[in-house]
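Below is one structure, written out as structure tokens; the observations come after it.
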Amino acid sequence: MRKKKKAESEKTNTDLPKILIVDDDEQIRKQIHWALSEEFSVFSAGDRTKALEIFKEEKIPVILLDLGLPPHPREAIEGLEALEELIGLDPLIKVIIVSGNSERQNALAAVEKGAHDIFPKPVDMEELKVVLHRVYRRIDLEKESLEERNLGQRVSFEKIIGTSPPMQEIFATIQKISKTDVPVLITGESGTGKELIANAIHNLSRRKTGPFIAINCGAIPDTLIESELFGYEKGSFTGATTQRKGKLEYANNGTLFLDEIGDLAPELQVKILRFLQENVLERVGGRQLIPVNSRVIAATNQNLETEVKDNHFREDLYFRLAVVKIALPPLRERGNDVIQLAEHLVQAFSKELKKPSKNFSKKALEALRAYNWPGNVRELQNRVKRALVLSDGPSIGPAELELEVPNGENGSSATLKEAKEDLERKILANTLQENNGNISKTAKALGISRPTLYDLMSRYGL
Ligand SMILES: Nc1ncnc2c1ncn2[C@@H]1O[C@H](COP(=O)(O)OP(=O)(O)OP(=O)(O)O)[C@@H](O)[C@H]1O
Ligand SMILES: [Mg+2]
């Protein structure tokens, strides 16, 4: 009997939408199977365990479920249990309860637990088919809308976390440019994720199976960098006992990441420019031109435009590299991203350190938001990791992050009055500063009288 059932499901056509029939009555299973097998890829199970087994293996989106299953064929316990387990595994699953009149109450209970619909027994096959086609159409629509939502509001993209508008814009740019070979210049403060972005561009490109070669132009001593980049021929200098390929050559068919490009010495700027223009290189001491096909991404935390103006960086090289510019905002300008990152990092580190994961206290969250993060994401990583190692309590507080709670006040738990006063004081101070302390101008700018301004200034001790 078992063998025969297996043979039945082996016959199923894998391109058709999948459906699973769960019923302890073999006659009914067979009947539905034959009726649907032209249009659906049909699986069947006689009990809860078998149903879950098949579901897990086949990821079936639609299930026809009879509630009275063994060992309690006269009750709904097993069926309801199966329903809950299925929904637990896949909240979008569509379970249709197939029930006789006597089971009506139980079927309604199942709908309350999340079943999609009820279908009456005895089963009218034509009607069932209509219902099923509607269900599959609905599944498609749900998938589409889920995808749209995910595109609009992504928490993470290629392992890069950020829902703030500037980061979402960067994700969109990356997606556009990764399919092309245009050079990209990534700028941003230290620790903002420049290398991470460069990597993401590579991974999304058709070069992803090729190498990603990163060169830190600032870290290699000037005397070594040329041979490091271009390679050398045997005997080209003392110590060159063998021929060696340079990093540029290794980047063939892949992506070349020139990190800290602003630190590149002037002689090398010329050589790199030539390499970029002609896609060929010459090893040190070599006579042969070697063609290299690579996509170039450069990064810097300097202001290259200023470096160009000050004649520290070649303008022609700058324009070669900066066809597309991606300016990574500092962490302090990414709003709530800092919280999302912190929560993500705590989980990642707790796995790495094999420590239980922890939450941040309310004060810690305030402190994370208020701090200005000069070292950006890398600094956040360090603080979170240290906090996780140090903290003994159930949650991480500001002290373990070595951060201060903003203003020594109790942040968001301040009363509305305090918050208003705080804001008023700030506006007052800023406007005074903008007007170089001129009372008439400040009063005018704020739209208040001079006596009122004096009054406010003394109240706030300005
Ligand atoms: N948005 C982000 N989501 C997740 N991890 C991030 C994000 N931004 C940066 N990181 C992580 O922070 C660390 C620092 O990032 P990365 O090395 O790319 O920064 P960088 O800008 O190249 O820094 P530097 O200028 O110091 O070289 C890395 O471990 C990176 O994976
Ligand atoms: Mg870097």
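Coordinate-derived values only; no laboratory data. Nothing here was measured: the structure is a model prediction, and the numbers come from that model. Don't worry about glycine lacking a Cβ; one is built from the backbone with ideal geometry, like all the others, and counts go over all protein chains shown.
Summary table below
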| read-out | value |
| --- | --- |
| Rg and Dmax [Cα atoms of the chain; Å; Rg one decimal, Dmax integer] | 32.8, 97 |
| Calculated log₁₀ intensity ratio I(q)/I(0) where the Debye formula runs over C-alpha points of region 312-462, q = 0.10, 0.18 Å⁻¹ | -0.60, -0.99 |
| Region 332-408: relative contact order as a whole-number percent, Cα under 8 Å and 6+ apart | 37 percent |
| Label-zone membership for region 210-237, site D316, 7 angstrom Cα→C-beta point, backbone N under 15 Å | none |
| Calculated from backbone phi, Karplus (6.51, -1.76, 1.60) coupling profile of region 86-101 in Hz, x at Gly/Pro | 4, 5, x, 7, 8, x, 8, 4, 10, 9, 9, 7, 9, 9, x, 4 |
| Nearest 10 degrees, 0 to 90: helix 450-459 Cα axis against the chain principal axis | 80 degrees |
| Protection-proxy order for peptides 185-195, 212-222, 22-32, 124-134, each taking the mean of Cβ atoms within 10 Å per residue, highest first | 185-195, 22-32, 212-222, 124-134 |
| Whether region 415-459 is rounded, prolate or oblate, judged on the alpha carbon gyration tensor where a/c under 1.5 counts as rounded | prolate |
| Overall Cα dimensions of region 332-408 - principal axes, largest extent first, Å | 32, 23, 17 |
| Relative contact order (percent, whole number), region 157-327, Cα cutoff 8 Å, 6+ residue spacing | 30 percent |
| Among G114, G88, P73 - extreme Cα towards positive end, dipole of the chain, charges at beta-carbon | G88 |
| For region 332-408, with +1 on Lys and Arg beta carbons and -1 on Asp and Glu, the positive-most of S361, A348, P394 along the dipole | A348 |
| Cα-projected label distance for M457 with I339, points at 7 Å along beta-carbon direction, nm | 3.9 nm |
| Residue-span extension gain [N372 to E142] - 0.36 nm each, minus C-alpha spacing | 78.7 nm |
| Cut-off 14 Å between beta-carbons: net charge of the residues surrounding N293, Lys and Arg +1, Asp and Glu -1 | 0 |
| Region 2-148 - Kirkwood radius from inverse mean 1/r over Cα pairs (Å) | 15.3 Å |
| Residue (of I97, P329, A443) at the positive-pole extreme of the chain, dipole from beta-carbon charges | P329 |
| Summed residue charge, Cβ within 12 Å of V389's Cβ, Lys/Arg positive, Asp/Glu negative | +3 |
| Potential extension, E75-N359 segment - 0.36 nm per residue separation minus Cα distance | 97.9 nm |
| Estimated vicinal HN-Hα couplings, Hz - region 293-301 in sequence order (Karplus 6.51, -1.76, 1.60; Gly, Pro = x) | 10, 9, 9, 9, 10, 10, 9, 7, 9 |
| Net charge, E278 excluded, C-beta distance under 12 Å - Lys, Arg +1, Asp, Glu -1 | +2 |
| Normalised contact order of the chain, rounded percent, pairs of Cα under 8 Å and 6 or more residues apart | 10 percent |
| Largest to smallest principal axis extent of the C-alpha atoms in region 268-359, angstrom | 60, 32, 19 |
| Burial ranking of peptide ranges 353-363, 378-388 (average Cβ count within 10 Å, highest at the top) | 378-388, 353-363 |
| Degrees, to the nearest 10: 337-352 long Cα axis against longest axis of the chain | 70 degrees |
| Calculated FRET efficiency for the pair K59/E282, C-beta based, R₀ 56 Å, to 0.05 | 0.50 |
| Test item: Cα-centred dipole of region 209-252, Lys/Arg +1 and Asp/Glu -1 on Cβ, debye | 160 debye |
| Calculated Rg and Dmax of region 157-327 using C-alpha coordinates, Å | 16.3, 55 |
